[in-house]
Every structure is written in structure tokens, then in C-alpha cells.
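Engineer: Below are the C-alpha cells for one structure; questions will follow.
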Amino acid sequence: MSESDIDAAAPAVTGTTVTAVLRALSLLDAFGEHDAQLTLAQLAQRTQLAKPTALRLARTLSVAGYLVALPGGVWRLGPAVALLGARYQRAFDLRNVIEPALHSLAQSTGHSASFFALEHGRRVRLLRVRGADGFVSPTRVGEPLPLDRGAAGQVILAFTGHLGDLMETIRQRRFHATVGEANALAASIAAPVFAARGAVIGALSLAVPASDDANAELLRHADAIVEAANRLSQTLAAARYADQETIVQRSHWHP
């Protein structure tokens, strides 16, 4: 039996998961931040799919506008991906509400400011504004990160009701700082951001290089980031999010 025959014989459904859908989405995930286009061989290698399967899925995605075939057997992301991303951004009103808050915070502190959203048990950096010091965390915009490492993740855990001495301390202080926890090169401080009626949607974060004086520098801006997060929460709560609590996780901890 050939590789493509084995691939085609794989079960189409596992539990509640449709394998073909996951395989198709893996082709979109194969594109990195700096990949304008990929060959079929690269798509197959990165997704660990047989080339015939990768080609069949790529052609299907191209019909829906998620991939575009270029001369020479290469592929690029299609316009449907951009439309989907724009709709996702509008759900958080990144450009009109969150981006101005990040610009203000980065300007007042001199450090890069980010907004992390809570998504399916992970945190995702949706937007980042570079500060005057020029330092940014090595993790990329759009990259899913764990909640149990890094200031933003720990803050989200605390304000979604997780228990423990650290979680209680974070709730009392309304911020948390870490040095080299999520990434050995970076230190960060974060404060929670809420939508309507205490539903936490993510966290604001400042980043500095990990160093001996990083924690002291971050704590110097603790009041500023808490105040910025509170202002952003008030703005979001007053906007259309009041009727969209399906996009956030309810919290027992109120701002």
C-alpha cells in the first residue's frame, strides 16, 4: 500500500474531531510569519501529509479562497484568510480601542506594550506596540502561549478563578511580574482586562529584557499598567461587548 493509500485510509472522524478539517487547517498553519509563499513539498513536509493529500486539500482551500495557486507549483494564503483575520480583530476592536491604549502605555513607559487575549485555555498576543527602548519579546504576534508561564498568563489564570497563594496575591495586587519565566530573554508585567460584568478577556503587558534589574524596572510601572488596564476595561465594557459574552470566559473576579 502506498503512502497516499495509507493516508486516505485514515479514519475521517476521531471522537468529535473531523480529521480532514484539521489536515486542511494545518496547511494554513504551515505558513510562518515570514513565508510569502510555500511549495507543495514544503507544505507536505511541515504538515507531515503525503503530497497527494496536501495537493488535494490545497486545491479545496483555493476554491474557498483560503489558498491561491501561483505559477511554478507554489502556494500563498488567499484573501479569505485576510477577511477572517479582519473579522477576528473587529471582535476585539483592536484598532479603535486597544491599539490606542497600547500606544499610550508604550509612550509613557518607554517599553513595548502588548494585548493578550484568552483563547481556548491559552493566551494569544493579538497586538504589540514597540516602545522607545526598542526591545520586544521573542514570541510573535498571533502565537498561542501557555497560561501557566509568563506574567500575562498568570494574571489571566488568577482572574478566571484559579486557586493558590500566588493566584490570590495577583488578585490582591491586580498585576504580576515575571523574569525569564515564559522566555529566558524577556521579563514582563501584566494586568487583567475585562469586558462587561467582570468577564476577563485578556491582559495588558509590558516587556523588558531579562536582567538583574528587570523586576525593579517592571514594578516601577505597576501603577501605570494597572491604570491602563482599568481604563481599557471601562472602554470595552461600555462598548458592544456587553451583549457578546460568548467571546469571553466568565470570571468571578470583578474589576
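Engineer: Applying the selection to segment 30-47, what residues are open to solvent by 50 Å² or more (accessible area, probe 1.4 Å) and touching a residue at least 40 places away in the same chain (Cβ under 8 Å)?
Structural biologist: Matches in segment 30-47: Glu33, Ala36.
Engineer: List pairs: first in segment 121-145 and over 21 Å from Thr109 (Cα atoms), second modelled with pLDDT under 90 and β-branched (Val, Ile, Thr), Cβ under 9 Å, 6+ apart or cross-chain?
Structural biologist: Short answer, once both residue conditions are applied: Val124/Val141; Gly142/Val124; Glu143/Val124; Pro144/Val124; Leu145/Val124; Leu145/Thr139.
Engineer: I'd like to verify a number: residues in segment 105-139 that are open to solvent by 60 Å² or more (accessible area, probe 1.4 Å) and on the phi > 0 side of the Ramachandran plot, how many?
Structural biologist: 1
Engineer: Still on this model: Just to be sure I understand the filter: pairs with C-beta atoms under 7 Å, separated by 6 or more residues or on different chains, first member in segment 68-82 and farther than 14 Å from Gly32 by Cα, second member open to solvent by 50 Å² or more (accessible area, probe 1.4 Å) and among the hydrophobic types (A, V, I, L, M, F, W, C). Which pairs pass?
Structural biologist: Ala80/Ala64
Engineer: Residues in segment 102-117: is at least one of a type in the set (A, V, I, L, M), at pLDDT 90 or above, outside any helix (DSSP H, G or I) and more than 30 Å from Val226 (Cβ to Cβ)?
Structural biologist: There is no residue in segment 102-117 that is of a type in the set (A, V, I, L, M), at pLDDT 90 or above, outside any helix (DSSP H, G or I) and more than 30 Å from Val226 (Cβ to Cβ).
The values are calculated or read from the model by the stated rules, or taken from the named source; none is laboratory data. In this text, all values refer to a predicted model and were calculated from it rather than measured experimentally. Every residue, glycine as well, gets a Cβ built from its backbone with ideal geometry; the counts of neighbours run over all protein chains shown. Just so you know, the surface numbers come from the protein's heavy atoms only, side chains and all, with ligands and any DNA or RNA stripped out. Shrake-Rupley method; radii C 1.70, N 1.55, O 1.52, S 1.80 Å.
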